[in-house]
Amino acid sequence: MLRICLAFVLAFPVAAYSADRIEGRVHVVDADTWDVGGVRVRLHGIDAPELDQSCKDAKGQNWSCGAWATQQVKMRFEGKTAACVPRDRDRYDRVVARCNVRGTDVAQIMVLEGLAFAYRKYSNDYVADETKAVASNQGLHAGQVQVPWVHRASGRNQNSQSCQIKGNISSSGERIYHVPGQKYYAKTKISQRKGERWFCSASEARSAGWRPAKR
C-alpha cells in the first residue's frame, strides 16, 4: 500500500499550499498570472500587458507586446519551482502573492527587464525598479506602450460589439474562448441564455474560467 501511495504522489505532484505559503512548479498562464503547483497565482505589485495587447516599437510599428512579454516570462520561469507568500485574493479568486524563484523576487526581475509595470494602485514596491527600466529603455520601455490597466479600461468602455472574443460552452460543458482569425471563430455562436458571453481581452476570458481554443 505504501508503494502505491508513493507512486501516486510522484505521478501527480501538488503544491505545498497553506495560508502563508505556496510552493510548486511554475506554469505561466500569462506574464503576471501563473499556476504554481496547480494554484492560480496573480503576482503582487505588478501588471503586465494583456496577451492580445499591441504596442509600437521605436520606429512606430505595431508589434504584439503582450504575447512577447508572456513568452519572455515563460523562457525564464516555466517549469521552475516557485515559493510564494499570499497577500490577498482578487475578484477572480486568484491568490495574489509575492513569489521567489531560487531566492529571487520574480516580479522585481520582470519590472527591471521591462516585462511588466509597477502596479501603483496596489503597491509601490517596484516603482524604483520601473524608474531604472525606463531610464535604460528596457523591454517595453524601448517603444510606445499603453499601461495594461488603461488598456483594459478602454476595452470595458467600448460597447459590447467591440468586445470580439467569443466565450463558448461546448456540448460537454467545457468553457472555450475563440479570438478573431481562428478556424471556428465565424461558426461559433454566442447564447447568453446558455451562459455564453463576449470578452474584451483574452486575459479577461482566462480569468473568468475559459480556456483558449486550440485552433
Review point. How about the stretch 185-210: which of its residues are over 15 Å from Glu50 (Cα atoms), under 24 Å from the mean Cα position of the chain (by Cα) and loosely packed, with under 15 Cβ neighbours inside 10 Å?
Key: Gly195, Gly209
Revision key, fill the gap. Of the residues in the stretch 109-128, those that are crowded, with 20+ Cβ neighbours inside 10 Å and in contact (Cβ under 8 Å) with a residue 60 or more places away in the chain come to Met110, Val111, Leu115, Ala116, Phe117, Ala118, Tyr119, Tyr126
Exercise for review: Would you confirm whether any residue within the stretch 156-179 is modelled with pLDDT of 90 or more, in a strand (DSSP E or B), polar (S, T, N, Q) and more than 16 Å from Ser54 (Cβ to Cβ)?
Suggested key: yes
Review point. With respect to the numbered conditions (1) exposed (fewer than 13 other Cβ atoms within 10 Å of the Cβ); (2) assigned to a loop (DSSP other than H, G, I, E, B), which one is the sole condition not fulfilled by Thr131?
Key: (2)
Review point. Using beta carbons and a limit of 8 Å, which pairs, at least six apart or on different chains, have the first residue in the stretch 88-100 and of a type in the set (Ser, Thr, Tyr) and the second one in a loop (DSSP other than H, G, I, E, B)?
Key: Tyr92/Ala208
Practice item. Kindly indicate whether Val106 is farther than 24 Å from Phe199 by Cβ and touching a residue at least 40 places away in the same chain (Cβ under 8 Å). Key: yes
**Study point:** Selection from the stretch 180-215 of residues that are assigned to a loop (DSSP other than H, G, I, E, B) and charged (D, E, K, R)
**Key:** Lys183, Lys187, Lys189, Glu196, Lys214, Arg215
**Study point:** Unique residue being farther than 21 Å from Val29 by Cβ, under 18 Å from the mean Cα position of the chain (by Cα) and of a type in the set (A, V, I, L, M) when the list is Ala153, Ala107, Ala116
**Key:** Ala153
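The values are calculated or read from the model by the stated rules, or taken from the named source; none is laboratory data. Note that the coordinates shown come from a computational prediction; the quantities given were computed from them, not determined experimentally. Here Cβ is always computed from backbone atoms with ideal geometry, including for glycine, and neighbour counts include all displayed protein chains.
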